[in-house]
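This report concerns only the one structure given below.
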Amino acid sequence: MSTEEIRAALADIVNEVAGVDADDVQLDKSFVDDLDVDSLSMVEVVVEAEEKFGVTIPDDQVKNLKTVGDAVAYIERASSAA
Amino acid sequence: MTAPTGTTGRPLLTEQGETYAGILGIGAYRPKRLVPNAEIVDAIDSSDEWIQQRSGIKTRRFADDSETVVAMSVAASRDALAAAGVDPRQVDCVILATVSHLLQTPSAATAVAHELGTDQAAAFDISAACAGFCHAVALGADLVRGGSARHVLVIGVERLSDITSPTDRGTAFIFADGAGAAVIGPSDTPAIGPVVWGSDGEPKQYDLIRQREDWRDVLVADEPVMPHLTMQGNEVFRWASFSMAKVALQALDRAGVTVDELDCFVPHQANNRITDAMARAMKLPPHVRIARDIVDSGNTSAASIPLALERMIRDGEAKSGDVALLIAFGAGLSYAAQVVTIP
């Protein structure tokens, strides 16, 4: 999957879990500060992303995923390592 | 002289149980003192808005000195027995689930059985934390079907305010007090489905929700303080929302019920956000009524499911004959789920 495809699929998940407009879920956006996704919603996003992309994102890594770009990069790395 | 003959190999007499078991009545006791978020926020530097957004909780109830584990249990049990139309002398066994009866022994259940006026019913406590009530329902149903008891009183009761630190940001706004009870007895039709239950005591999971210190460590400390509950909220949220949604679906499957046939979903009232995430993960259709007692009862651990059931029945959200899915999960980690018919 391309970076843009991962971003778009992640945007759909963020929309479903937190009701954020998918178009707002851009790489430079912070989950907490820009998109108002709190830590519990973030857990839901992560679990949905794990299923969608077939990767594992441990709890202790979630706090490092501050922006949409951080999450997309993590998913790219994790899926290429798999 | 004839040698005495033994009885080696002779089969013993055995019990003959009921074909089917069901819940005959539900009862509740809610402590008198209502505690709004405003009373909680200063000690944890929080706000009413944050607590509601984070958990759905607006108010909860804290027990006073007279509202002991035994007293609350007796009150909830009387309510359940009246609803079931069962006399206390018909109760053969009392199973009480709690983690906050701070007298280690004897059990609270024997005092409850006595105060209710049972005919010296068998009585014992079980410890399965927030999953306690569904464990007790599974045991009660099997006792009735196995023939060890004809009527079993199951109780979930907590005074979590005794073991919650008012300054712990992860738990102070969550935990609360109360008691709920159910009478389980013979039924003409199968009214308690197969239990799906289990545990995960792997060290990391074991520590997710726990009493912080061992009593022996507390008692040798320079300034002994009550060992409070601790919880790693995000990890618990992940486990509860997703792993437990799968368990809930298994319980439906084992009972031969589809999500479309379900009337009521009554999960342990841990956090409204967990309830929301579970309902989403299970793809519950919009017609399913979902228990939301947590909004003004908080998380009462073993008491939360019978409290929520009693509320739904009283409010007309759950009607006699409705099919309800119960799922309870908590420290251990431990969990249990079953489908029941509303009495």
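The set of residues in the stretch B:217-257 being at the interface with chain A (Cβ under 10 Å from one of its Cβ atoms) and in contact with an Asp or Glu (Cβ under 6 Å, 6 or more places away or on another chain) consists of B:E235 alone. The set of residues from the stretch B:258-270 being more than 14 Å from every other protein chain (Cβ to nearest Cβ), outside any strand (DSSP E or B) and either more than 16 Å from B:K246 (Cα to Cα) or free of Cβ contacts under 8 Å to residues at least 40 places away in the same chain (or both) comprises B:T258, B:V259, B:D260, B:E261, B:D263, B:Q269. The residue list A:D70, A:D34, A:D28 contains one member that is over 24 Å from B:R273 (Cα atoms) and in a loop (DSSP other than H, G, I, E, B), which is A:D28.
Between B:A122, B:A108, the distinction of being farther than 28 Å from B:V339 by Cβ, touching an Asp or Glu at 6+ places or on another chain (Cβ under 8 Å) and aliphatic (A, V, I, L, M) belongs to B:A108 only. Taking first residues from the stretch B:135-148 that are touching a residue at least 60 places away in the same chain (Cβ under 8 Å) and partners that are assigned to a helix (DSSP H, G or I) and surrounded by fewer than 22 Cβ atoms within 10 Å (Cβ to Cβ), the Cβ contacts under 9 Å between residues at least 6 apart in sequence or on separate chains come to B:S148/B:D142. When the stretch B:271-302 is filtered for residues that are in a helix (DSSP H, G or I) and closer than 17 Å to B:A63 by Cα, the ones remaining, listed by number, are B:I294, B:D296, B:S297, B:S301, B:A302.
Among the numbered conditions (1) in a helix (DSSP H, G or I); (2) within 14 Å of chain B (Cβ to nearest Cβ), the only one that A:L65 does not meet is (1).
If only one of B:Q250, B:Q269 is under 21 Å from the mean Cα position of the chain (by Cα) and surrounded by fewer than 18 Cβ atoms within 10 Å (Cβ to Cβ), which one is it? Walk me through it before giving the result.
On the way: B:Q269 fails: surrounded by fewer than 18 Cβ atoms within 10 Å (Cβ to Cβ).
Result: B:Q250 is the single residue among B:Q250, B:Q269 that is under 21 Å from the mean Cα position of the chain (by Cα) and surrounded by fewer than 18 Cβ atoms within 10 Å (Cβ to Cβ).
Taking the stretch B:16-46 as the range and being among the basic types (K, R) and part of a loop (DSSP other than H, G, I, E, B) as the test, the residues that pass are B:R30, B:K32. The residue of the stretch A:25-52 that is surrounded by the most Cβ atoms within 10 Å (Cβ to Cβ), among those that are more than 14 Å from chain B (Cβ to nearest Cβ) and free of Cβ contacts under 8 Å to residues at least 12 places away in the same chain, is A:D34.
Read-outs: derived from the displayed coordinates by stated rules, not from any lab. Source: prediction; values computed, not measured. No Cβ is skipped: glycine too gets one built from the backbone with ideal geometry, and neighbour counts run over all protein chains shown.
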